[in-house]
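Structure first, commentary second.
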Amino acid sequence: GLKKQYNAALRFIDENANSSNKHKTAVVCDDQTLTYQEVFEKVNQFGNALFNINVESENRVLIAAHDSPEFVTAFFGSIKIGAVPIPVNTMMQPHDYEYFLNNSRAKVFVVHEDIWERIEPYRDRFLFLKHVIVIQSGNSTRTDVINFHEFVGNAASTDLKPVYTTAEDVAFWLYSSGSTGNPKGVIHRQRSMEAAYENYASNILNIKNEDRTFSASKLFFAYGLGNGLYFPFGAGATTIFLQERPTPERVFETIETKKPTIFFGVPTLYGAMINYVSEHDRLPDLSSIRVCVSAGEPLPAEYVKKWKELFNLNILDGIGSTEALHIYLSNREDNVKPGSTGTIVSGYDAKIVDETGRKLPPNEIGDLLIKGESITSGYWLNLMENYNKFQGEWMFTGDKYYQDEEGYFWYSGRSDDMLKVGGIWVSPIEIESTLLTREDVLETAVVGAKYENNLVYPKAYVVLKNKDEASDELKETLKLYVKQNLAPYKYPREVEFVDELPKTATGKIQRYKLKVDN
Ligand code: 3SK
């Protein structure tokens, strides 16, 4: 017989529309609000419209859309008919979209008009693409593509029978970029979102129907997709979208006007928000928020303390990945250990091993592997990466960690970021956290540089709060400061002042761009 039917759209959309949440606000986006019933109808219309252009199960639908009701419609409308949505970064270059479209063999492209304008001249290079559906602004006159709103509106029927899928069927992909090579298509199954929802949003955040989520990280990131879409929808809660770039000013304004109860950010944003407060007279009102979340990279303990002082709010630091779909190590609301990534999220298992695969005792740094239901079933068309990444049901996270005697996990850099200085492992993160405890340091990244004899030493790139203070004397002061606050061998042998650090779109510092491979 056939396996039991499971479709993520039934769980996250239909379940709400068929319950007391029906008339509840699902999405707040600028001045627009949508109830769960309205979302359900649009999702169904989108699915019917895809049928009308002969989209079938497992056909890929690339989505380059800003956080918006249209994103939600396209994402779940595709899933409901067994097609596979692939949300991608909205800030990429035309050649990146060419890669996404050709690598995924997407037949349909749903794209906001401002993004399409940049890509359109390269249309001939998109080898498998059949239909471009553009989310046009009200006054657009474009006629050479399908207009998203007409496409959905003309589909007429708001009834849609889901196509048969099982928990193991592919639901969606996300692209993950490593430090080298092309981005990899990360395949997620129909049950993946439910697993991440239960493990993290329900068990750790205790998300409820009355919550209002606001994620500064966009929906096309794995982090944002959970925060801003399937976490709130899993609980029948309300999600708040900010379409623009999340500057501290816009984020504070959105919090004050839209009153979220859970806020999701990344460390660099928390840092910028703290800095914004210190430069302005007024303390923003964050009283609607019950908990803040940080991921993406380790949150400096200093930020946790300052945030608590300013707003009396905890920031729960955790780590996840596109491959794991969401957070698998996290602090808890009643148990925050500043600087640590917390403990394993139930539903996942973790182990730390050495180069031979031997499990390491507490306090020893090694490779972190995890397993759990939301983990990807693999990379698309990437045999070697699949060989390297998985070991049975275990997945290498690519992160170095140690676990202390109490079971807390401490991030010690990416597998390729760790430095062996004088034969001893040194964590660049530890040096950075120490430098960040100083009032005069805004941001820093420590990487391995090489002496002429090829031995590695830690070099600190430092962004000062006040750039005018840069001097040779301050360089020496910073070195001494680390020497005095950590084991002396860990001090940066070189300090360079820079105006800014290279970062990814999510705000992650790109240490590999700073590495000196001479
Ligand atoms: O970067 C992270 O820590 C993260 C967290 C949740 C989901 C996805 C990612 C990459």
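We did not get these values from a lab; they are worked out from the coordinates using the rules stated. Keep in mind the model is a prediction, meaning the values are calculated, not measured. Note: ideal-geometry Cβ built from the backbone for every residue, glycine included; neighbour counts use all protein chains shown.
Which of the trypsin sites (Lys or Arg not before Pro) across segment 220-322 are loop residues per DSSP, with 12 or fewer other Cβ within 10 Å?
Counting only loop positions with at most 12 other Cβ atoms within 10 Å, the trypsin sites (Lys or Arg not before Pro) in segment 220-322 are Arg282.
How about segment 451-518: which chymotrypsin sites (Phe, Trp or Tyr not before Pro) there lie in a loop by DSSP and see at most 15 other Cβ atoms within 10 Å?
In loop regions of segment 451-518 (DSSP not H, G, I, E or B), the sparsely surrounded chymotrypsin sites (Phe, Trp or Tyr not before Pro) are Tyr451.
Quick check on segment 447-496: take the gyration tensor over C-alpha atoms, sort the square-rooted eigenvalues as a ≥ b ≥ c, and tell me if it's rounded (a/c under 1.5), prolate or oblate.
It is oblate, given that a/c is not under 1.5 and a/b is not larger than b/c.
Expressed as a rounded percentage, what relative contact order does segment 361-515 have, with Cα pairs under 8 Å and six or more residues apart?
Normalised by residue count, the contact order of segment 361-515 is 17 percent.
Once you order the gyration tensor axes a ≥ b ≥ c over the Cα atoms, which shape class does segment 147-203 get: rounded for a/c under 1.5, otherwise prolate or oblate by comparing a/b with b/c?
Working: a/c = 2.29, a/b = 1.39, b/c = 1.65.
Verdict is oblate for segment 147-203.
Considering every pair of different Cα atoms, what Kirkwood radius, in Å, is found for segment 181-310?
Here the Kirkwood hydrodynamic radius works out to 15.5 Å.
Could you tell me the extents of the chain's C-alpha atoms along the three principal axes, largest first, rounded to whole Å?
Principal-axis extents of the chain (Cα, largest first): 70, 54, 47 Å.
Wrap a convex hull around the Cα atoms of segment 294-359, take a quarter of its surface area, and give that in square nanometres.
Hull-based average projected area comes out at 5.5 nm².
What are the principal axis extents of the Cα atoms in segment 292-331, in Å, biggest first?
35, 14, 12
For the chain, give me the percentage of DSSP beta bridges that are antiparallel, rounded to the nearest 5 percent.
So the antiparallel bridges in the chain amount to around 60 percent.
Would you kindly give the portion of the calculated P(r) for segment 28-78 that falls above 14 Å, as a percent of all Cα pairs?
Values: 683 of 1275 pairs.
The calculated P(r) of segment 28-78 puts 54 percent of pairs beyond 14 Å.
For segment 355-451, which GluC sites (Glu not before Pro) pass both filters: DSSP loop (anything but H, G, I, E, B) and at most 10 other C-beta atoms within 10 Å?
Glu355, Glu405, Glu406, Glu439
Subtract the Cα-Cα distance of His23 and Asn312 from 0.36 nm times their separation in residues, and report this length gain in nm to one decimal.
Full-extension gain reported as 100.7 nm.
Quick one: what do you get for segment 68-110 if you divide its Cα Rg by 2.2 N^0.38 Å?
For segment 68-110, the normalised Cα radius of gyration comes out at 1.20.
Once you place label points 7 Å from the Cα toward the Cβ at Tyr457 and Glu113, how far apart are they in nm?
With each label point 7 Å from Cα toward Cβ, the separation is 5.7 nm.
Using only the C-alpha atoms of segment 375-518, find the volume of their convex hull and express it per residue in Å³. List each step's numbers first, then the result.
Numbers: hull volume 24.3 nm³, N = 144.
Dividing the Cα hull volume of segment 375-518 by its residue count gives 169 Å³.
What number, rounded to the nearest 500 deg cm²/dmol, is the helix-based mean residue ellipticity at 222 nm of the chain, given -39500 (n - 2.57) per DSSP H run of at least four residues and division by all its residues?
Values: 14 runs with 133 residues, N = 518.
So the helix-based figure for the chain works out to -7500 deg cm²/dmol.
Between Ser287 and Asn182, what FRET efficiency comes out of the Förster formula 1/(1 + (r/R0)^6) with R0 = 60 Å and r the beta carbon distance, rounded to 0.05?
Efficiency, rounded to the nearest 0.05: 0.85.
How high is the relative contact order of the chain, given as a whole-number percent (alpha carbon pairs under 8 Å, six or more residues apart)?
Relative contact order here is 10 percent.
Mind pulling the per residue volume of the convex hull built on the Cα atoms of segment 254-372? Å³ is fine.
Values: hull volume 14.9 nm³, N = 119.
Output value, Cα hull per residue: 125 Å³.
At 7 Å along the Cα-to-beta-carbon direction for both Arg358 and Glu120, put a label point, then send me their distance in nm to one decimal.
About 6.3 nm, to one decimal.
Classify segment 63-177: rounded, prolate or oblate, from the alpha-carbon gyration tensor (a ≥ b ≥ c, eigenvalue square roots; a/c under 1.5 rounded; otherwise prolate if a/b is larger than b/c)?
oblate
Segment 1-116: D in µm²/s via Stokes-Einstein (Kirkwood Rh, Cα pairs, 10 °C, 1.306 mPa s)?
It diffuses with D of about 106 µm²/s by this estimate.
Quick check: residue separation of Glu198 and Phe128 times 0.36 nm, minus the Cα distance between them. What number comes out in nm?
21.5 nm
Quick one: the Cα spread of segment 1-49 along its three principal axes, in angstroms, biggest first?
Principal-axis extents of the Cα atoms in segment 1-49, largest first: 48, 27, 13 Å.
Normalised by the number of residues in segment 1-135, what is the relative contact order in percent for Cα pairs under 8 Å and 6+ residues apart?
Details: 197 pairs, mean separation 28.9, N = 135.
Rounded, it is 21 percent for segment 1-135.
Label points 7 Å out from Cα along the Cβ direction at Arg105 and Ala487: separation in nm?
Inter-label distance under the simple model: 5.2 nm.
Hey, quick one: spin label on Phe497, modelled 7 Å out along Cα-Cβ, who in segment 437-479 has an amide N within reach, i.e. under 14 Å?
Hits in segment 437-479 for Phe497 at 14 Å: 440-443, 461-479.
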